[in-house]
Amino acid sequence: TDSEEAAAELTQRVFQVNNIIIQELSEMEKEDLQGKQGKVLFEKAIKAQVNELMQTGEVQQVYMTSFIIQ
C-alpha cells in the first residue's frame, strides 16, 4: 500500500480481498495462469479490483507467494 492508513484498511478488508481472488480464479482456466504473462495479468486484475474498494490510499503491488494448480 502507499500508506500506513491504507495498510490498516486493507487488513480490515482481507475477507473482501479473498472473495475477489476466489471470484477471479473461478472465471479462469488453468491455462490462463500458465507462464509469466498469465500471472502478471492476474496480479493486475486483483490490484485493480482491490483498489476499487479502498477508500484510504491504494495497493501499490500484488505479489503471489505460492502457486499450486490442482
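The values are calculated or read from the model by the stated rules, or taken from the named source; none is laboratory data. Values in this document were obtained by computation on a predicted structure and should not be read as measured data. For neighbour counting, all protein chains shown are included, and Cβ atoms are generated from backbone atoms with ideal geometry for every residue, glycine included. Note: accessible area is taken over every heavy atom of the protein model, side chains too, but ligands, DNA and RNA are not part of it. Shrake-Rupley method; radii C 1.70, N 1.55, O 1.52, S 1.80 Å.
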Accessible area in square angstrom per residue, the chain, 1.4 angstrom probe: 76
statement: Read-out P(r) over Cα pairs in 5 Å bins from 0, in percent, candidates (1) 3, 15, 16, 14, 10, 7, 7, 6, 6, 5, 4, 3, 2, 1, 0; (2) 4, 19, 33, 25, 13, 5, 1, 0; (3) 3, 16, 27, 24, 15, 10, 4, 1; calculated match is (3)
Förster radius 30 Å - calculated FRET efficiency between GLU27 and ALA7 (Cβ-Cβ, nearest 0.05): 0.60
query: Once Lys and Arg get +1 and Asp and Glu get -1 on their Cβ, which of ALA48, GLN23, PHE67 lies farthest toward the positive end of the dipole of the chain?
result: PHE67
message: With +1 assigned to the C-beta of every Lys and Arg and -1 to the C-beta of every Asp and Glu, and no other charges, what is the dipole magnitude of the chain about the Cα centre in debye, to the nearest 20?
response: 240
Rounded percent of accessible protein surface that carbon and sulfur make up, the chain, 1.4 Å probe: 49
